[in-house]
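Since every read-out is calculated from the coordinates, none of them should be taken as a lab result. Remember, it's a predicted structure, so these values are computed and weren't measured experimentally. As a convention, Cβ positions derive from the backbone with ideal geometry for all residues, glycine included, and neighbour counts pool all protein chains shown.
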Amino acid sequence: MPGSRSGYRPALDGLRGIAVLAVVAFHAVTLVPGGFLGVDVFFVLSGFLITSLLMQEFRNTGKIRLGNFYLRRALRLFPALALLLSLTTLAGIVAPGPAHDTVAAVPWAASFLLNWRLAFRQQEAGLLWHLWSLSVEGQFYLLWAPCVALLLGLGMSPRVLFALSLSLTAISDLCRAFLWNTGASTLRLYHGTDTHLDGILLGSALAALVVSVSADAWEPLRGHLKWASRFTWVFLLGLFLSAYQDALVFSWLYLLVPPAVALVILRLLLVPGGITYRLLTSRSLVSVGRVSYGLYLYHFPAIRLSRALYPDPFLATLGGLVLAALLTAVSWRVLERPALRLKAWDHRFLNLRRIFPGN
């Protein structure tokens with residue numbers, strides 16, 4: 001499997017760094033109107049990495065220990081999330097104006113159900129609105145891991161798992177198209193797990209695909225993949241820098257983004273090298289990618305609070321970005337990195353951490 005036999009792939013962290021910077025730019029300035037699509041990059045990466053880990057564990061041990069899987073997810077997610085919820089709750093109590101609806105949204109965010117609050121109740125979540133995506137991922141972790149464990153335990157081959165993941169991706173796309181054509185709100189389509197799970201499922205399909213196909217079988221496709229990825233990068237860059245209308249986004253645009261990201265990931269795994277690869281493996285982007293979870297958590301409330309407290313838009317945004325960077329650095333050093341080291345208690349997963357140290 002590319003990416004597992006070859007060891008840790010820093011380019012994937014670099015891709016994660018680009019995704020989080022796009023999201024931050026979308027919330028901070030108007031120069032990247034399509035930066036919100038960075039979330040979909042995260043989704044495809046998450047589906048690919050998580051499914052890869054599950055499949056490799058089954059291949060190495062003959063089973064998937066779900067308790068251990070959920071413990072690793074908790075160690076990755078909860079320390080920084082707990083700090084964020086504590087700080088935003090305090091802000092919501094002390095400054096109810098800029099943090100409107102934050103306190104009421106905390107239980108929804110902590111239980112990974114915030115996306116459904118936004119999808120159906122159509123209420124604000126204050127400083128925690130951006131955590132809808134974490135809710136979608138949390139629900140995916142909860143449901144997908146036991147499904148993979150059960151199916152692999154019953155003898156399902158990676159090729160069948162690939163077909164199943166691809167079918168579920170298509171069902172999510174069809175569900176979104178059906179609801180759009182029946183007049184569903186954009187909030188429902190954007191925040192609903194059923195209508196925004198296609199990226200994660202396609203990433204899962206990609207993980208099963210690279211396991212199913214031998215290294216020799218990929219060889220004739222490497223040249224075509226290299227050229228196709230160049231056009232894909234241009235396409236994604238155009239989307240990130242373009243403005244969107246709701247009809248364009250929800251009718252067909254989301255159909256194109258996850259496959260484009262999956263193609264980029266496949267190219268990085270199979271055909272490393274080139275200008276883009278060197279950019280993604282640069283120390284700065286890889287470093288941003290490794291702390292991308294914390295930066296994603298803290299940037300939105302930091303920017304919103306700063307803008308509420310300071311009248312000058314430029315200084316307020318700059319102050320929010322500086323605060324987000326400081327919180328990210330402290331969170332990584334004090335909470336996240338020590339929590340990740342606890343994984344060393346289970347020696348069976350040392351090889352997995354060398355491959356995907358940030359997951």
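I'd like to verify something in the chain: which complete DSSP H helices, judged by Cα projection on the helix axis, reach 18 Å or more and average at least 0.5 on the Kyte-Doolittle scale? Present the calculation step by step, with values, prior to reporting the outcome.
On the way: long enough: 10-28 (27 Å, 1.41); 38-61 (34 Å, 0.96); 66-94 (40 Å, 1.26); 132-153 (32 Å, 1.18); 158-181 (34 Å, 0.97); 198-212 (21 Å, 1.84); 222-241 (28 Å, 0.66); 254-270 (25 Å, 2.25); 292-309 (25 Å, 0.36); 313-331 (27 Å, 1.93).
Result, helices passing both filters: 10-28, 38-61, 66-94, 132-153, 158-181, 198-212, 222-241, 254-270, 313-331.
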- Query: Using a basic spin-label model with each label point 7 Å from the Cα along Cα→Cβ, how many nm lie between TYR8 and LEU90?
  - Reply: 3.2
- In whole percent, what relative contact order does region 10-355 give with Cα contacts below 8 Å and a gap of six or more residues? 30
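Taking only the C-alpha atoms, wrap a convex hull around region 10-355 and report its volume per residue in Å³ as a whole number.
On the way: hull volume 47.9 nm³, N = 346.
Cα-based convex hull of region 10-355, divided per residue, equals 138 Å³.
Classify region 181-315 as rounded, prolate or oblate, taking a ≥ b ≥ c as the square roots of the eigenvalues of its Cα gyration tensor: rounded when a/c is under 1.5, otherwise prolate if a/b is larger than b/c and oblate if not.
Numbers: a/c = 2.11, a/b = 1.40, b/c = 1.51.
Judged from the Cα gyration tensor, region 181-315 comes out oblate (a/c at least 1.5, b/c at or above a/b).
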- Message: Can you show me the helix-derived [θ] at 222 nm for the chain, built from DSSP H runs with n ≥ 4 at -39,500 (n - 2.57) apiece and divided by the number of residues, rounded to the nearest 500.
- Response: -23000 deg cm²/dmol
- So the FRET efficiency between ALA82 and THR30, C-beta based with R0 = 25 Å and rounded to 0.05, is 0.15
- Label model pair LYS226, LEU151: point-to-point distance (7 angstrom along the Cα→beta-carbon line) in nm is 3.4
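What number comes out for the charge environment of CYS175, summing +1 per Lys or Arg and -1 per Asp or Glu over other residues with Cβ under 10 Å away? Walk me through the numbers on the way to the answer.
Numbers: positive: ARG176; negative: ASP173, ASP194, ASP198.
Local charge sum for CYS175: -2.
Suppose we look only past 19 Å in the calculated P(r) of region 160-215. What percent of the Cα-Cα pairs does that tail hold? Display every interim value, and only then the final one.
Values: 541 of 1540 pairs.
The share of Cα pairs beyond 19 Å in region 160-215 comes to 35 percent.
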- Note on the structure: Taking Cα pairs closer than 8 Å and at least 6 residues apart, the relative contact order of region 38-132 in percent is 19
- Under a 10 Å cutoff between Cα atoms, tell me which one of ARG76, ARG159, ARG59 has the largest fluctuation in the Gaussian network model of the chain. ARG59
- Return the single residue from THR182, THR30, THR281 with maximal mean-square fluctuation; model: Gaussian network over the chain, springs between Cα atoms under 10 Å. THR182
